Amino acid sequence: ELHYLSGQYDMDLIVGDAKMANSFLWNLGSLELDLPEPPEGASKKTPALETDPMAVFKPKAEVAHIFRTPEKRPPTALSYTFLAFTILPFLAFLVGMKLLNINFGNAPTSGLPALSALAFHGGLASILGLYLLFWLKV
């Protein structure tokens with residue numbers, strides 16, 4: 001950011017590191033820039049670098065972070081009650097299957113039908129697994 005300040009600018013290459021024994025500053029040259037005037041209403045402020053070239057290396061102002069207040073959470077008893085009501089239909093399904101004596105003897109055991117049935121039930125299991133991971137915030 002040159003802030004519309006025309007004039008001569010020096011280009012330096014600074015090569016150095018904390019572990020480098022022979023760091024150096026190499027003058028690459030000078031540029032004479034003729035920049036346009038600032039638009040109306042814009043201030044022609046002098047950057048700190050023009051008065052002090054080492055201003056880049058000075059400490060910056062401290063940034064104060066303000067964290068958002070945490071959201072209110074329902075009571076634990078209400079959460080566990082909701083959990084029980086969501087698991088209840090699945091448990092009722094399992095009990096109903098046991099009471100009706102469901103026979104899995106007609107399920108396909110070989111070939112493409114068995115592979116399709118396995119893929120279908122595996123897909124359902126993976127969706128339920130994703131729900132579980134989301135619920136546990138893993």
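The values are calculated or read from the model by the stated rules, or taken from the named source; none is laboratory data. Everything numeric in this text was worked out from a predicted model, so none of it was measured. Don't worry about glycine lacking a Cβ; one is built from the backbone with ideal geometry, like all the others, and counts go over all protein chains shown.
A compact table of results
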item: Index of the failed condition, PHE82 passing every other in (1) farther than 24 Å from LEU128 by Cα; (2) in the same structural domain as LEU128 (by TED's automatic domain parsing); result: (1)
item: Number of the exception - VAL15 against (1) farther than 30 Å from TRP135 by Cα; (2) exposed (fewer than 10 other Cβ atoms within 10 Å of the Cβ); (3) at pLDDT 90 or above; (4) of a type in the set (A, V, I, L, M, F, W, C); result: (2)
item: Any chance LEU31 is surrounded by 10 or more Cβ atoms within 10 Å (Cβ to Cβ), at pLDDT 70 or above and not in a strand (DSSP E or B); result: no
item: Checking PHE57 against (1) of a type in the set (A, V, I, L, M, F, W, C); (2) over 29 Å from the mean Cα position of the chain (by Cα); (3) more than 30 Å from ILE14 (Cα to Cα), the condition it does not meet; result: (3)
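Each row is one residue, and each column tells you yes or no for (1) in a helix (DSSP H, G or I); (2) aliphatic (A, V, I, L, M); (3) surrounded by fewer than 10 Cβ atoms within 10 Å (Cβ to Cβ).
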site: LYS60; (1), (2), (3): no, no, yes
site: ALA64; (1), (2), (3): no, yes, yes
site: PRO70; (1), (2), (3): no, no, yes
site: ALA77; (1), (2), (3): yes, yes, yes
site: GLY105; (1), (2), (3): no, no, yes
site: THR109; (1), (2), (3): no, no, yes
site: HIS121; (1), (2), (3): yes, no, no
site: LEU132; (1), (2), (3): yes, yes, no
